Structures are given as C-alpha cells and as structure tokens.
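The values are calculated or read from the model by the stated rules, or taken from the named source; none is laboratory data. All of these numbers come straight from a predicted model, not from anything done at the bench. Cβ: placed from backbone, ideal geometry, glycine included. Neighbour counts: every protein chain shown.
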C-alpha cells in the first residue's frame, strides 16, 4: 500500500491533476470515530477520494461503509471545503459532519484500526489536520480554507 500511494503521488504531481476528496467527522454522544490506515501513521477522520461520476455525498457514504461499516441515519452536514497541496497536487477536500449512524463489522485492507474517542481525550498521535478539524468543529479554532 505504501508503494502504491507513493507512486500515485508521483504520477499526480507530474500530471498536475486536481483531485477531490471527502472526509467526515462522525460524532456520537461526545465521541468521535477515528481510523488508523495501514499505509501511514496517526489517527484520521474517515474519508477518501471522490470517484468519477460520484458526488461527494455518495463518496463519503461509500467510504463510511467500506472503511468502518457505518451507514448514516440522517444526511451528512457540509462543514467546509478545504484546499491542500500536501501531496504535491491540487486537492480539494469536502468535509462533512454527522451524528448518527448504524455500524457493522467490516474488513478493509486500508484500515488498521478504528476507535471511538471522547472529544476531550483525543489520542496523542492524531494528525495535525484531524486535530484542527475537531477544534474547528468545537469552535475552539477558526475555520481555515487550507487542510
């Protein structure tokens, strides 16, 4: 998986392609669901790429099912849209929030671990962008336009 993502980043940087991704802050009773990937370290919000002919909402609903077996019980709420150049290409991230879902056990080759964390007791190895999104959601940080 690491090699795949490295090669993908190289190809995208050579083509200067613009991509669209989605992420979601899934909250339930003061807890947030975060994931660890098999190909990078740290805790992240759930998400991924928007596939061709797919809307951002369809993409986040697909990613939730694939990565953590979650189905939203109400539509996700659009929180903000961010710009990122972290992977050497223009990337736009559509960020949602949601507060109710059903969940079943699933296996995803991309996800090493998933866990619900209290919003006031986040893990030490949470990624900076994930921490920033949570702080924006809680109102303890201003919403930025960069991921």
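Per-structure values
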item	result
Of the criteria (1) over 12 Å from the mean Cα position of the chain (by Cα); (2) buried (at least 16 other Cβ atoms within 10 Å of the Cβ), which one residue 59 fails	(1)
Only one of 103, 114 that is within 24 Å of residue 135 (Cα to Cα), in contact with a strand residue (DSSP E or B) (Cβ under 6 Å, 6 or more places away or on another chain) and modelled with pLDDT of 95 or more	114
Qualifying positions in the stretch 29-81 - in contact (Cβ under 8 Å) with a residue 12 or more places away in the chain, part of a loop (DSSP other than H, G, I, E, B) and out of contact with any helix residue (DSSP H, G or I) (no Cβ under 8 Å at 6 or more places or on another chain)	30, 38, 41, 69, 73, 74
Residues that are touching a helix residue (DSSP H, G or I) at 6+ places or on another chain (Cβ under 8 Å) and surrounded by 14 or more Cβ atoms within 10 Å (Cβ to Cβ), drawn from the stretch 85-105	87, 89, 94, 95, 96, 97, 101, 103
Residue list for the stretch 104-131, restricted to those being more than 22 Å from residue 38 (Cα to Cα) and not in a strand (DSSP E or B)	119, 120, 121
Qualifying residue in the stretch 86-99 (condition: out of contact with any strand residue (DSSP E or B) (no Cβ under 7 Å at 6 or more places or on another chain) and under 14 Å from residue 45 (Cα atoms))	no
